[in-house]
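See below for the structure under consideration.
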Amino acid sequence: MPLFLCTGISLCTGRIAWGAKLRHWQGMVVISALFGMFVTAFVAATIVPFQSEIVFVALQVARSVPIEALVIVASIGNTLGALVNYYIGHGIAQFESKRWFPATPAQMKKAEAWFERWGVWVLLVSWLPGGDVMTVVAGVMRTPVWLFLVLVGIAKTTRYVGLALITAGVIG
């Protein structure tokens, strides 16, 4: 067989080299998909209005990524995105008047009242619509970072596990 037709380590057998290249390509697809999921989940948890559920469901339906990895990566990305809101809460005075700020003063007062009534446990529902405000308020109220990460991590992971189960039930 001519040398220009030979590929990879096996030189002229072809099969091993092409198989290795295919596995490498598949690995790159999985890594790229997980990276995209991480970025999407991260951005969706910040003050930027964005939805990660669409990407999550699309990747789950495509079945190109192990669902366990998808849930873990989305949960970590979403939790770290919420951490951005937490730190914004530390310096809220300088951001509250900005047009892009995720909450009106009335919403902030309401969130603070919820936080005072329910305590840090309100972070367990931070995955619900409007929950991003709670992550900002947690920063304002100086919730310990470790406790914030535990509660928000539980909430975000529960969200993606639930979404995975619902999607699996729908697509069978």
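No lab work stands behind these numbers, since they all come straight from the coordinates. All figures in this text were calculated on a predicted structure; none of them were measured in a lab. Methodologically, a virtual Cβ is constructed for each residue, glycine included, from the backbone with ideal geometry; neighbour enumeration extends over all protein chains shown.
I need the calculated FRET efficiency for the pair Arg142 and Phe95, taking r as the beta carbon distance and R₀ as 22 Å, to the nearest 0.05. List each step's numbers first, then the result.
Numbers: r = 16 Å, r/R0 = 0.75.
So, using R0 = 22 Å, E works out to roughly 0.85.
Only four residue types carry charge here, +1 at the Cβ of Lys and Arg and -1 at the Cβ of Asp and Glu. Report the dipole size of the stretch 21-172 about the Cα centre in Debye, rounded to the nearest 20. Don't jump to the answer; show the numbers that get you there.
Values: 11 positive and 6 negative charges, 39 e Å.
With only Lys, Arg, Asp and Glu charged at Cβ, the dipole is about 180 debye.
Whole number please: convex hull volume per residue, Cα atoms of the stretch 68-172, in Å³. Could the numbers behind the result be given before it?
Numbers: hull volume 10.9 nm³, N = 105.
In the stretch 68-172, the Cα hull volume divided by residue count equals 104 Å³.
Using only alpha carbon pairs under 8 Å that are at least six residues apart, calculate the relative contact order of the stretch 75-140 and give it in whole percent. Please report the intermediate quantities before stating the final value.
Working: 54 pairs, mean separation 33.5, N = 66.
51 percent.
Positive end of the charge dipole of the stretch 59-164 (Lys, Arg +1 and Asp, Glu -1 on Cβ, about the Cα centre): tell me which of Val71, Leu147, Gly130 has its Cα farthest that way.
Gly130
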